[in-house]
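See below for the structure under consideration.
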Amino acid sequence: MSENTRTIKNAVCTFCGCVCDDMELTVDLDEHRITKAKNACILGRSWFSEHVIEDRPIAAIGGKEVSFEEAVEESAQILTKAKFPIIYGLSEASVEAQREAVAIADYMRGSIDSTSSVCHGPTGMAFQGVGESTTTLGEVKNRADLVIFWGCNPAEAHPRLFTRYAVTTKGMFIPRGKKDRTVVLVDPRKTASAPVANIHIRPKPATDFEMIWALRALIKGKKVNASIEKVTGVPLETLQDLAERMKNCNFGVVFFGMGLTMGRGRYFNTGALFSMVTDLNEYTHFVVKPARGHGNVTGADQVLTWQTGYPFGVNFNLGYPRFNPGEFTAVDNLARDGADAAMFIASDPASNFPKAAVEQMKRIPVISLDTRRSVTSELAYVVFSTSAWGLNEHGTAYRMDDIPITLRPAFESPYPSDVVILSAIKNRVFELNIDKRSIGMSARSDIGKATLHASM
Amino acid sequence: MSEKMILIPVRTTEQGTALNKGKLQEAYMLETSMVDVNTDDMERLGLQEGDKVRLSNEVGEVIVTCRGKKPDDLPQGLLAIPYGPPTTHLMDSETYGSGMPVSKHMEVVIEKVIV
């Protein structure tokens with residue numbers, strides 16, 4: 001380590017959805033790396049220490065190094081010529097980069113989807129259908145005396161959710177921290193999160209919906225048959241006890257994760273949970289929050305929603321945004337051979353999408369923007385190496401409770417940011433699509449006139 | 001000997017830290033190619049710690065390394081695998097209008113790979 005160091009206080013960790021903004025980073029300015037990350041959890045420490053400047057070309061086409069401008073031109077041409085292009089990813093990118101991506105999707109009249117669709121997409125769908133009794137992590141810290149973790153494992157996915165916000169931390173009305181809270185874990189496995197729980201309920205896998213529905217009945221004072229144990233593996237007395245605890249707490253919160261969204265129940269599970277929390281507000285104050293990550297996946301929902309009206313799975317083919325999970329979402333779009341070009345931003349779908357979708361990625365031109373080499377960048381035709389968001393670039397990230405946090409970069413990178421690359425592609429796509437857009441607009445106005453005449 | 005079980009991809013600390021080293025690095029590939037198996041199930045299936053096992057379903061198959069978990073930690077009939085590339089080979093692309101493929105609770109057949 002050199003002596004040329006700098007300390008950055010209140011820096012932000014963007015690894016998971018906690019987006020902790022109390023990091024104290026020691027930066028080796030000669031080696032361009034972070035040598036110490038005070039306050040970081042085990043995941044945060046590796047996030048900061050493993051990000052170093054790698055020796056990669058800024059841009060490559062077909063495996064050959066090219067200039068930034070050539071890669072931008074090629075990307076714009078690919079996206080413009082395609083009939084059904086898709087942009088996907090966005091979870092490890094700033095709000096500013098996400099905005100550029102939405103603009104490109106609009107100009108190229110394609111689809112845009114974020115990692116939400118294979119994460120908390122079903123939560124977004126339930127949110128639209130049922131609504132969410134929402135909160136901030138600050139409220140949870142200061143008020144929550146009953147904390148339920150359902151189908152999530154914060155000890156390994158969001159470690160500081162326990163210590164900074166929801167379990168051991170002391171709050172205004174929770175002066176003794178953990179001693180003033182009852183913590184419940186609902187998970188078939190005894191995970192690393194189990195030791196913090198006062199009560200660990202272990203249902204049979206994929207019986208969450210049935211368990212939530214039984215709890216709703218119990219909360220409303222209805223009788224539930226003891227055979228519920230046969231279905232869920234959870235004794236009726238345990239459910240009765242939980243229902244009473246939920247009704248009688250001062251401030252209850254449920255954090256939930258992929259255990260509810262990734263199984264067969266999908267948005268039925270999350271919708272049932274939202275409904276149960278709504279029911280509980282007849283008796284006390286109860287809130288619900290998805291335990292989200294990576295990084296800025298919450299921001300992706302926010303940006304898409306404020307720009308298009310919808311949180312993910314949006315398509316602009318008709319010149320205006322349409323939302324249809326199952327059609328405009330990336331897995332469906334790719335696996336059904338629909339997408340004929342794709343741009344993947346700060347994500348690695350080739351390593352976590354179903355085989356059929358990955359096979360389609362190999363057949364079409366793919367553009368990849370990523371800080372690191374990945375399975376996706378290896379199969380991409382155009383590859384941009386980017387600086388690391390949050391570590392090298394300013395910007396904004398949304399915490400899992402929809403609170404925007406300003407990023408404080410630690411050191412400079414020789415690579416361009418997602419924002420710079422996407423902005424350049426956006427400008428070129430706009431130029432290439434001016435004719436198409438004006439033709440499309442006049443065609444639509446002709447249709448409007450024809451309809452008017454027909455009605456007269 | 002083979003048996004049908006339920007596979008759930010999960011988050012692990014090792015997977016999270018290895019992710020930061022790089023997805024093409026050995027640490028990540030190693031962690032994501034492990035499958036946690038209840039030790040009672042292992043005994044019944046004649047499996048030892050570190051054995052290679054084949055997980056298969058109608059979508060595809062993958063060979064991963066068996067890692068024992070105490071019966072109190074992981075219920076019988078349940079397999080846990082860290083999120084990563086191997087599970088993509090077993091995942092159906094049908095999302096039933098949700099955008100989300102069934103990624104947890106996949107039915108798979110587990111059997112020992114004879115080397």
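The values are calculated or read from the model by the stated rules, or taken from the named source; none is laboratory data. In this text, all values refer to a predicted model and were calculated from it rather than measured experimentally. Methodologically, a virtual Cβ is constructed for each residue, glycine included, from the backbone with ideal geometry; neighbour enumeration extends over all protein chains shown.
Tell me, please, whether a residue that is modelled with pLDDT under 95 and of a type outside the set (Lys, Arg) can be found in segment A:396-405.
Restricting attention to segment A:396-405, the residues satisfying the condition of being modelled with pLDDT under 95 are none.
No, segment A:396-405 contains no residue that is modelled with pLDDT under 95 and of a type outside the set (Lys, Arg).
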Given (1) more than 14 Å from chain B (Cβ to nearest Cβ); (2) surrounded by fewer than 23 Cβ atoms within 10 Å (Cβ to Cβ); (3) of a type in the set (Val, Ile, Thr), where does residue A:375 come up short, assuming only one miss? (1)
Return the only residue of A:216, A:266 being assigned by TED's automatic domain parsing to the domain that holds residue A:159, basic (Lys, Arg) and either under 20 Å from residue A:140 (Cα atoms) or at pLDDT below 95 (or both). A:266
Taking the condition of being surrounded by fewer than 20 Cβ atoms within 10 Å (Cβ to Cβ) and either of a type outside the set (A, V, I, L, M, F, W, C) or within 13 Å of another protein chain (Cβ to nearest Cβ) (or both), how many residues in segment B:40-52 meet it? 9
Select from segment A:28-71 the residues that are touching a strand residue (DSSP E or B) at 6+ places or on another chain (Cβ under 8 Å) and among the hydroxyl-bearing types (Ser, Thr, Tyr) and write down the one among them that is farthest from residue A:343 (Cα to Cα). A:35
In the set A:128, A:77, which member is surrounded by fewer than 24 Cβ atoms within 10 Å (Cβ to Cβ) and within 14 Å of chain B (Cβ to nearest Cβ)? A:128
Looking only at segment A:383-424, filter to residues that are outside any loop (DSSP other than H, G, I, E, B) and small (Gly, Ala, Ser); which one of those is nearest to residue A:351 (Cα to Cα)? A:385
Filter result for the condition that a residue is touching a Pro at 6+ places or on another chain (Cβ under 9 Å) and among the small types (Gly, Ala, Ser), over A:377, A:347, A:387: A:387
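For segment A:253-305, what are the residues that are among the aromatic types (Phe, Trp, Tyr) and outside any strand (DSSP E or B)?
Residues of segment A:253-305 among the aromatic types (Phe, Trp, Tyr): A:255-256, A:267-268, A:274, A:283, A:286.
Scanning segment A:253-305 gives A:267, A:268, A:274, A:283.
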Given the condition more than 7 Å from chain A (Cβ to nearest Cβ), within 14 Å of the chain's Cα centre (by Cα), in a loop (DSSP other than H, G, I, E, B) and closer than 27 Å to residue A:154 by Cα, answer yes or no: does some residue in segment B:12-23 qualify? no
Looking at segment A:189-212, which of the residues that are out of contact with any Ser or Thr (no Cβ under 9 Å at 6 or more places or on another chain), closer than 19 Å to residue A:265 by Cβ and modelled with pLDDT of 95 or more is farthest from the other protein chains (Cβ to nearest Cβ)? A:209
Exactly one of (1) of a type outside the set (Ser, Thr, Tyr); (2) buried (at least 20 other Cβ atoms within 10 Å of the Cβ); (3) in a helix (DSSP H, G or I) is unmet by residue A:174. Its number? (3)
Which residue pairs have Cβ atoms closer than 7 Å, lie 6 or more positions apart in sequence or on different chains, and pair a first residue in segment A:53-64 that is over 16 Å from residue A:379 (Cβ atoms) with a second residue that is among the aliphatic types (A, V, I, L, M)? A:59/A:66; A:59/A:71; A:59/A:383
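How many residues are of a type in the set (A, V, I, L, M, F, W, C) and surrounded by 21 or more Cβ atoms within 10 Å (Cβ to Cβ) when one looks only at segment B:11-39?
Going through segment B:11-39, the residues of a type in the set (A, V, I, L, M, F, W, C) turn out to be B:18-19, B:24, B:27, B:29-30, B:34-35, B:37.
Next cut, surrounded by 21 or more Cβ atoms within 10 Å (Cβ to Cβ) only: B:18-19, B:35, B:37.
Looking only at that region, the number is 4.
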If I go through segment B:67-83 residue by residue, how many of them are touching a residue at least 60 places away in the same chain (Cβ under 8 Å) and either of a type in the set (Val, Ile, Thr) or at negative phi (or both)? 6
Any residue that is facing chain B (nearest Cβ under 9 Å), at pLDDT 95 or above and under 30 Å from residue B:81 (Cα atoms) - is there at least one of those in segment A:379-395? no
Checking residue A:293 against (1) without any contact (Cβ under 8 Å) to a residue 40 or more places away in the chain; (2) within 14 Å of another protein chain (Cβ to nearest Cβ); (3) touching a helix residue (DSSP H, G or I) at 6+ places or on another chain (Cβ under 7 Å), which single condition isn't satisfied? (1)
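Check A:49, A:116 and return the single one that is within 14 Å of chain B (Cβ to nearest Cβ), closer than 26 Å to residue A:313 by Cα and not hydrophobic (A, V, I, L, M, F, W, C). I'd like the intermediate steps shown before the answer.
Details: A:49 fails: closer than 26 Å to residue A:313 by Cα.
A:116 is the lone residue from the list that is within 14 Å of chain B (Cβ to nearest Cβ), closer than 26 Å to residue A:313 by Cα and not hydrophobic (A, V, I, L, M, F, W, C).
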Residues to consider are A:233, A:263, A:252; find the one that is within 13 Å of chain B (Cβ to nearest Cβ) and buried (at least 20 other Cβ atoms within 10 Å of the Cβ). A:263
Filter result for the condition that a residue is touching a residue at least 40 places away in the same chain (Cβ under 8 Å), of a type in the set (Val, Ile, Thr) and more than 8 Å from every other protein chain (Cβ to nearest Cβ), over A:366, A:303: A:303
Scanning for something touching a helix residue (DSSP H, G or I) at 6+ places or on another chain (Cβ under 8 Å), more than 14 Å from every other protein chain (Cβ to nearest Cβ), closer than 15 Å to residue A:184 by Cα and surrounded by fewer than 16 Cβ atoms within 10 Å (Cβ to Cβ), does segment A:269-287 turn up at least one residue? no
I need every pair where a residue in segment B:53-66 that is over 13 Å from residue A:354 (Cβ atoms) and within 14 Å of chain A (Cβ to nearest Cβ) has its Cβ under 9 Å from the Cβ of a residue that is in a strand (DSSP E or B) and of a type in the set (Asp, Glu), sequence separation at least 6 or different chains. B:55/B:61; B:55/B:111; B:56/B:111
